[in-house]
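Working notes, structure below.
Values quoted throughout were computed directly from the atomic coordinates according to the rules given, and no laboratory measurement underlies them. Given the structure is predicted, the values throughout are model-derived calculations rather than measurements. Neighbour counts are summed over all protein chains in view; Cβ atoms, including those assigned to glycine, are modelled from backbone coordinates with ideal geometry.
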Amino acid sequence: MEHQWMCVLMLLILAAYPGNSIVQIHPPTSTASGFVILPKIVGGYTVTIDQVPFQVSVRRRKIHEQHYGMGHVCGGAIISQRVVCSAAHCYAINNSVPLQYRDPELYVVVAGSSTIDRTDRFTQEYLVQRIIGHERYNRSTLENDIALLFLNGFIPWQTQVARAIPLTIEAPQEGTTCLIHGWGKVTPKDKSGSLQQAPVPILNKELCQVIYKLPASQMCAGFLQGGIDACQGDSGGPLICDGQLAGIISWGVGCADPGYPGVYTNVSHFIDWIRAANTSLDYAEYRQMTPENLASRRSISFQFLDIGLLGLIITLL
């Protein structure tokens, strides 16, 4: 009975906002000058990277090398010393038939930084050696919106600002308060691009069905009154529930609009896929692909490339 009332309430909310009937996804848009950081975690607050050391910024390599801080495309979460989990729609070539993903050498991953446009002694940069996007990613529905980025180097665990987050094996229960993260401008005058965090509750599955008709591989979280949500530039970032990676920021209608919570890839639905993809990777393989201008800024040293660390692959596994 309670769920029926929730559904009726949701229908009334949707009727009150007819102008939001078109689904809009959250990835960043581009301009003539390249990718820009658009609205971010709406209704959040500033945190530092040591509080969320699993968070990374995935950037367009060419723009990043020319204008540090302006190449941000999507977020991601570290899940092993060489693997970042993100969203497939950040890297898929939309018009490709069959589905294809962009060249991994187009991207660079930045870890260990609290702000988008400044580095410090903890900042670590990695080129992407391989992108494994889900083979059944649907560009129309954003179903199976998950991808793994295989880095061209090990993330050293000696630092407290770049560490893996465990994967959940069960979907979070309705009502669980989870955390979303991302970079962006808090106000139009803000130029720092500070890392943001916001709490969002997991919503009832039946309610999500009324709003979006989601498959089991997706879930929704947020507030029906709006005000707190992920937005452009946050795609691919983590939804953390009980200290584990439970979701990937995927899509939604608008940003923090009333009646339209955010949609997240359900990580627990892809545990076997993540295991299989990780098993296919050769952790001893490295490509010679680091340009001099990037190498001069990288804080990682190859002294950390200890093959004995291969046992620390996926935190869950």
- Between L245 and residues 5 or more places away or on another chain, which pairs have amide H atoms under 5 Å apart, with H built 1.01 Å from N, and which residues are they? L167, T168
- Given the Cα-Cα distance of T48 and Q158 and 0.36 nm per residue of separation, how much length would full extension add, in nm? 37.8 nm
- Relative to the present Cα-Cα distance, how much length would full extension add between V97 and K205 at 0.36 nm per residue of separation? 35.6 nm
- Message: Show me, for the range 173-180, the HN-Hα J-couplings you get by feeding each phi into the Karplus relation (A = 6.51, B = -1.76, C = 1.60, θ = phi - 60°), rounded to Hz, glycine and proline as x.
- Response: 6, 3, x, 5, 8, 10, 10, 10
- Query: Going highest first, how would you order 271-277, 48-54 by mean Cβ packing within 10 Å?
  - Reply: 48-54, 271-277
- Residues whose built amide H sits under 5 Å from the amide H of V83, excluding neighbours closer than 5 in sequence, are L151
- Mind ordering 81-94, 112-125 by average Cβ neighbours within 10 Å, highest first? 81-94, 112-125
- Item | From phi via Karplus (6.51, -1.76, 1.60), per-residue ³J(HN,Hα) for the range 47-52 in Hz, x at Gly/Pro | 10, 10, 5, 5, 7, 9
